[in-house]
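Inspection log for the structure reproduced underneath, given as structure tokens.
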Amino acid sequence: MKNLALLVASIIFSLVLCEVGLRLFTPFPVTEESNKTDDPVLGYRLSTRLADVDQNGFRNRPMETYDIAAIGDSFTYGSNVSSDQTWPSLLGKMTGTEVYNYGVPSYGIYTYHAILKTLVNPDAKGVIIGLYPANDFAMIASFCHIKFDNDFWADEIDNLGLALYSNDAYKKHCARKSVNNIFKRFKKYIGNNTAITNAVRVLIFDKIKRQRQDRANKDYFFHDHTINVPKGRTRFGANNTDMENPDFKFMHDDFRKFVNAWSKLTHDNNTRLGILLIPSTERVVFEYYKRKNEIDLLDDNFVRDLEMQIHFDEESAGIMEKLCAGVSGSDPVPGQ
């Protein structure tokens, strides 16, 4: 009995030691929530415990001031590349200017608006918004974390006439499902909040799961093996750019109002505004085959989904052209 107690105590001590060591010397636990901190206006920011994140919760080296503000999602943040390889960082090197990176994965148009209104230095020479239509209009992630009942958003909803609550879309898409099963809740809590179990899941089980997945039914494959594109990704992008989708339409209406507000604010601050329209991976693939006159070789479902994205990209580009005309002295972009 004494030996058993000693064995149990040794195991517990070893687990505690591993837990402390992983937390001190590795980023684990790595979960969707562990790398973020709540922000009622933006939804969330990055956790300052991450190595390349500044005290404001964004991916930057320390800087007292900046010339250009770059706003966007994971493409601006620079997922899967180092800090010095993000497009804001490369832009700064090429132009010899200080560029501040306000990009955070899963940000969208509402967060872009909040950043421009509340965080961007009014003395900045320029603002570039990296718009990724394929998911910047999705009612997920940061959009669902925003507390729209705070003073900032209450004023913006009233002043701009935002339609974000139309058709109860917000509640429908952002309602959080509670887990009633006590065992499942405990399992989820342990998996997300202990470094040991999280590391085992990420480094072992997730890799095994990815290797076992049957990609033949999940990806689009192309005859010259350029790249594989997940079918779910193209469908997701098509749904988020569907002009006939009533839930999406109200976000598109709000986007028009945001563009007006961005134009006026930057104009009043004597700041140059640019909007970078970022194409999706599937859009790049589509254009590649289009230039080779080989669209007929593509899957019909792939082409159908891409045509929806392209239509919306063209609509967005039209809004941008009207924005430029408004800045140069013509009528501003219509709000409706």
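The values are calculated or read from the model by the stated rules, or taken from the named source; none is laboratory data. Computed from a prediction, not measured in an experiment: that's the story for all the values here. Heads up, the Cβs are rebuilt from the backbone with ideal geometry, glycines too, and the neighbour counts pull from every protein chain shown. Accessible surface areas use protein heavy atoms only, side chains included; no ligands, DNA or RNA. Shrake-Rupley method; radii C 1.70, N 1.55, O 1.52, S 1.80 Å.
Considering segment 88-112, and only residues there that are touching a helix residue (DSSP H, G or I) at 6+ places or on another chain (Cβ under 7 Å) and assigned to a helix (DSSP H, G or I), the residue that is nearest to Ile128 (Cα to Cα) turns out to be Pro88. Here Pro332 fits the description: surrounded by 14 or more Cβ atoms within 10 Å (Cβ to Cβ), in a loop (DSSP other than H, G, I, E, B) and modelled with pLDDT under 90. Scanning segment 132-150 for residues that are exposed (fewer than 14 other Cβ atoms within 10 Å of the Cβ) and within 10 Å of the chain's Cα centre (by Cα) returns no hits. Of everything in segment 76-93 that is at pLDDT 95 or above and hydrophobic (A, V, I, L, M, F, W, C), the residue that is surrounded by the fewest Cβ atoms within 10 Å (Cβ to Cβ) is Leu90.
Taken over segment 113-148, the criterion of being of a type in the set (S, T, N, Q), out of contact with any Gly (no Cβ under 9 Å at 6 or more places or on another chain) and not in a loop (DSSP other than H, G, I, E, B) is satisfied by Thr118 alone. For Pro122, the conditions (1) under 25 Å from Met320 (Cα atoms); (2) touching a strand residue (DSSP E or B) at 6+ places or on another chain (Cβ under 9 Å) are fulfilled apart from (2).
Number of residues in segment 113-131 that are open to solvent by 10 Å² or more (accessible area, probe 1.4 Å) and closer than 18 Å to Asp253 by Cα: the value is 0. Suppose we keep only residues that are at pLDDT 90 or above and among the basic types (Lys, Arg) within segment 292-329. Which one would you say is most open to solvent (accessible area, probe 1.4 Å)? For segment 292-329, the residue satisfying everything is Arg304.
Quick grid of which residues meet (1) open to solvent by less than 70 Å² (accessible area, probe 1.4 Å); (2) in a loop (DSSP other than H, G, I, E, B); (3) under 28 Å from Ala154 (Cβ atoms):
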site: Ile12; (1), (2), (3): no, no, no
site: Leu15; (1), (2), (3): no, no, no
site: Gly21; (1), (2), (3): yes, no, no
site: Arg61; (1), (2), (3): no, yes, no
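Listed here are the helices (runs of 4 or more DSSP H) enclosed by segment 224-326 that have at least 3 residues being more than 18 Å from the chain's Cα centre (by Cα) and either in contact (Cβ under 8 Å) with a residue 40 or more places away in the chain or farther than 22 Å from Thr76 by Cβ (or both): 246-268, 281-291. Of all residues in segment 151-171 being in a helix (DSSP H, G or I), out of contact with any Pro (no Cβ under 9 Å at 6 or more places or on another chain) and at pLDDT below 90, which is most open to solvent (accessible area, probe 1.4 Å)? Among those residues, the one meeting the criterion is Lys171. Of the residues contained in segment 95-103, one or more are found to be crowded, with 21+ Cβ neighbours inside 10 Å and among the aromatic types (Phe, Trp, Tyr).
Of the residues screened, Asn269 is one that is at pLDDT 90 or above, open to solvent by 50 Å² or more (accessible area, probe 1.4 Å) and either within 29 Å of Pro88 (Cα to Cα) or among the hydrophobic types (A, V, I, L, M, F, W, C) (or both).
One residue is enough: does segment 41-54 have a residue meeting the conditions without any contact (Cβ under 8 Å) to a residue 40 or more places away in the chain and not in a loop (DSSP other than H, G, I, E, B)? Within segment 41-54 (the criterion being without any contact (Cβ under 8 Å) to a residue 40 or more places away in the chain and not in a loop (DSSP other than H, G, I, E, B)), the answer is no, since none of the residues qualifies.
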